[in-house]
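Bear in mind these aren't lab numbers, they're just calculated from the coordinates by the rules spelled out. The structure presented is a predicted model; accordingly, all values stated were derived computationally and were not measured. We place every Cβ from the backbone using ideal geometry, glycine too, and count neighbours over all the protein chains shown.
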Amino acid sequence: MSAGNQTPVGNGLVKWIDSRLPVFSYLQKEYAEFQSPKNFNWFWNFGAILTFMLVLMMITGIFLAMQYQPNTELAFDSVERIMRDVNFGWLLRYMHANGGTFFFIAVYIHMFRGMYYGSYKNPRELLWILGVIILVLMMATAFMGYVLPWGQMSFWGATVITNLFSAIPLVGDSIVTLLWGGFSVDNATLNRFFALHYLLPFLIFGVVILHVISLHVSGSNNPLGVDPKGPQDTVSFHPYYTMKDSAGLAIFVTIFAFFVFFAPNFFGEPENYLAAQPLTTPAHIVPEWYFLPFFAILRSINFDIWFIEAKLGGVIAMFGAILVLFVLPWLDKSPVRSAKFRPVYKWFFWIFLLDCLLLGWVGGRAPDDLVFEGLALKVIHLGYLSTFWYFFHFIILLPLLGVFERPKPVPKSISESVLGGGNAGASATAKPMEKA
Amino acid sequence: MGIVSKLRRTAAVAGFAAVAAMVSTAALAAGDTKHPEERDWHFSGIFGTVDVHSAQRGLQVYLEVCSGCHALKQVAYRNLSALGFTEGEIKAIAADFEVTAGPDSEGEMFQRPAIQSDNFVSPFPNEEAAKAANNGANPPDLSLQVKVHPDGANYIHALLTGYADAPDGVEVPDGASYNPFFRGGFIAMPQPLFEDGVEYSDGTAATVDQMATDVVNFLQWTAEPEMQQRKKMGFKVVIFMIILSALLYAGKRKLWANIDH
């Protein structure tokens, strides 16, 4: 951060441009000299991975859009045409379809990393909120994108999810009509979903820019959750983190490529290779895997709560499960960021992670299935339990932990922790946050 | 995904082929659907390739047996060159079918023999005609059947070879057949394959098992015509990425060697 404002970079042309539009000195400052804590672990790779995935999705998507037909009569066959007759169309489509999956894998890891290391805490609340906005936009984009191939799950998934909005009192039916562009999921629905599916990634891109700007104001958090105290605690972003991000990205892409080329339909619903049949309901409608935890929460509220009907209750719970993330920075009152120094929170973090996985499992099963043969425990019972725990964790547990948990002593600085010894001068600048 | 949910999805898809009412009563009567047997396919695994000879025989079975009811509309005759058919053979296969073309200069539609660039001609002009001719059931398009069913290849083989007499006490509805691999047990499709139902030109004995295997090899190719190109490219990409990852990782180690972190 100490390094040059308006550092002259490059040759004459670069300087000429830079003195009129300082893009080069901006990149120099924010991506080359930018000082980052030197103790990141590999979980700090996912920002770069997510940026890559977003760009990959946009590029493959634009080429797919050149061949795709957003018309109920043509959509399914046009996707098959892409798979068969368009040069490397199968590669574009499989990268795009599996890209959605890997985008969500990366974003969920990124978020759990933020939760473990308290990356949402002061001064990064807005950074976190922008991230949650990106998540919401991603979910909308993914949902509408899944409708486009117009297979059985596309159609019935769209029908089920859009119908949820009808639970909203007074305006619900109008909202559904607006989403459909008519009185059922039909051609108008497909057309507007295609238009929005094309639009939303650009909005995501915009929010990502805000996310990064905000990150560069506060600087990155780190596994210790202790602010850097000076140059001894940081390295310049380039070459240290450009190199590390490249290595991590290459490993991630290797795994991604394995699925694209050798198991391209592993994450997909087989039934979506059947063209949409508006008169034939599939026996088991399931969303894509990355929505399953939220789907489980939706279905777990299958009882009326006072005057709130079950359907509305489920919808409130499902959206609440996402909305609660917005206020997370104010629910977790603990002054210590990293779970490394929070002996109780650490356990509840892992329990929460398991709870989310359990919700995902529940979302993929029929509610009335038995969990074990011969045991009267149904999937829906686990759904109640895991839904309860999800909200209990955020609304009850986190505020209480902030008050009652006794954190371990936090190192005075990153260098002190890394070197295992004292670091002169660091304690002098320590802020109240680290003393807690 | 657990095996149970996969099975449930299998059942869900299969249900589409049969008359809805038939399935709902059948589910009560026949009990559990049988699991398909796991078979060793030439195309499975990351090294798997198309068994071209078997797929060629499978085309013959499709043309002589299945194509009376089942369409294959995603595949064009020209695509058969990937299975080793010559241009002459492809033209001859296509010429057996008639397509409606036009309008001509008089404004009239006319019939002409299919050509290489046409997609496989469907047996029925529309779904209603297909249902009317098949006791109310719509025979599914076969282009993607291997992908539509979880464990599709094993399922289709099991279904084609799995026709049996109904167990005692199970009454098969009129117009349906008993097949324990089909959801509910009653399928609208009568047993399609019988010993020596086709005469293979390469002298292979046309047992039911052989014909079912050949059809599955053919339908695997119609479902994923890109499979071999995909796997071949996959090896290059994945090996390249592993080497690149290793180099970048080594570079990172070297760069960070003198930083305490």
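Observations on the model:
- Partner chain coverage, peptide B:237-243 - average Cβ within 10 angstrom: 5
- Selected from B:Ile156, B:Ile46, B:Ile187 as most flexible by GNM, with chain B as the system and alpha-carbon contacts under 10 Å: B:Ile46
- Nitroxide proxy distance, nm - points 7 Å out along Cα→Cβ at B:Glu195 and A:Phe43: 6.6 nm
- Note on A:Thr242 and A:Lys333: the extension gain reaches 29.4 nm, defined as 0.36 nm multiplied by sequence separation minus the Cα-Cα distance.
- Net charge over other residues, Cβ less than 10 angstrom from the Cβ of A:Gly268 (K, R count +1; D, E count -1): -2
- B:Ala82 paired with A:Glu30, simple spin-label distance in nm, labels 7 Å along Cα-to-beta-carbon: 4.5 nm
- The mean number of partner chain beta-carbon atoms within 10 angstrom of a residue's beta-carbon across peptide A:274-287 is 4.
- Prolate/oblate/rounded call for the range B:61-147, Cα gyration tensor, a/c under 1.5 rounded: oblate
- 0 to 90° range, to nearest 10: angle between helix A:46-65 axis and chain A longest Cα axis: 40 degrees
- Förster radius 41 Å - calculated FRET efficiency between B:Phe240 and A:Leu203 (Cβ-Cβ, nearest 0.05): 0.75
- Ranked list, fewest to most other Cβ atoms within 10 Å of each Cβ, for A:Ile316, A:Ile175, A:Ile396: A:Ile396, A:Ile175, A:Ile316
- Take each residue of peptide B:222-230, count the partner chain Cβ atoms within 10 Å of its Cβ, and average: the result is 4.
- Solvent-free Debye scattering, log10 I(q)/I(0), computed from the Cα coordinates of chain B at q = 0.07, 0.08, 0.16 Å⁻¹: -0.34, -0.43, -1.26
- Measuring r between the beta carbons of A:Met58 and A:Phe326 and using R0 = 25 Å, the FRET efficiency lands at 0.45.
- Here the simple spin-label model places points 7 Å from the Cα toward Cβ, and for A:Val371 and A:Ile168 these points are separated by 3.5 nm.
- Hull shadow area, averaged, the protein assembly as shown [alpha-carbon convex hull, nm²]: 40.0 nm²
- Working from Cα pairs under 8 Å separated by at least six residues, relative contact order for chain B is 28 percent.
- Size of the range A:286-405 from its Cα atoms: along the principal axes, largest to smallest, the extents are 43, 35, 27 Å.
- Net +/- balance of residues flanking B:Ala137 in space, Cβ distance below 12 Å, scoring K and R +1, D and E -1: 0
- Candidate aspartates and glutamates - alpha carbon under 12 Å from A:Lys408, same-chain residues fewer than 8 apart omitted: A:Glu434
- Acute angle (nearest 10 degrees) that the helix B:3-15 long axis makes with the longest principal axis of chain B, alpha-carbon atoms: 40 degrees
- When chain B is treated as a Gaussian network with alpha carbon springs shorter than 10 Å, the biggest mean-square fluctuation among B:Gly169, B:Gly152, B:Gly58 belongs to B:Gly169.
- Dipole-positive endmost among B:Pro190, A:Pro343, B:Ala76 within the protein assembly as shown (Cβ charges, Cα centre): A:Pro343
- Taking a straight Cα-Cα cut-off under 18 Å and skipping sequence neighbours fewer than 8 places away in the same chain, the aspartates and glutamates within cross-link reach of B:Lys254 are A:Asp245.
- Of A:Lys121/A:Lys340; B:Lys91/B:Lys147; A:Lys29/A:Lys121; A:Lys346/B:Lys252, those spanning more than 20 Å from alpha-carbon to alpha-carbon: B:Lys91/B:Lys147; A:Lys29/A:Lys121; A:Lys346/B:Lys252
- Residues of the range A:134-164 falling in the label zone of A:Leu279, defined by backbone nitrogen less than 18 Å from a point 7 Å along Cα to beta-carbon, are A:152, A:155-156.
- As a length-normalised measure over Cα pairs under 8 Å and 6 or more apart, the relative contact order of chain A settles at 20 percent.
- Segment A:Val344-A:Phe183, length gained on full extension (0.36 nm per residue, minus Cα span): 52.8 nm
- Residue among A:Phe392, A:Phe372, A:Phe202 with the largest mean-square fluctuation in a Gaussian network model of chain A, springs linking Cα atoms under 10 Å: A:Phe372
- Exposure proxy ranking for A:Val23, A:Val14, based on other Cβ atoms within 10 angstrom of each Cβ and starting from the fewest, stands as A:Val23, A:Val14.
- Estimated from the Cβ-Cβ distance and a Förster radius of 35 angstrom, the FRET efficiency linking B:Ile259 and A:Phe266 is about 0.35.
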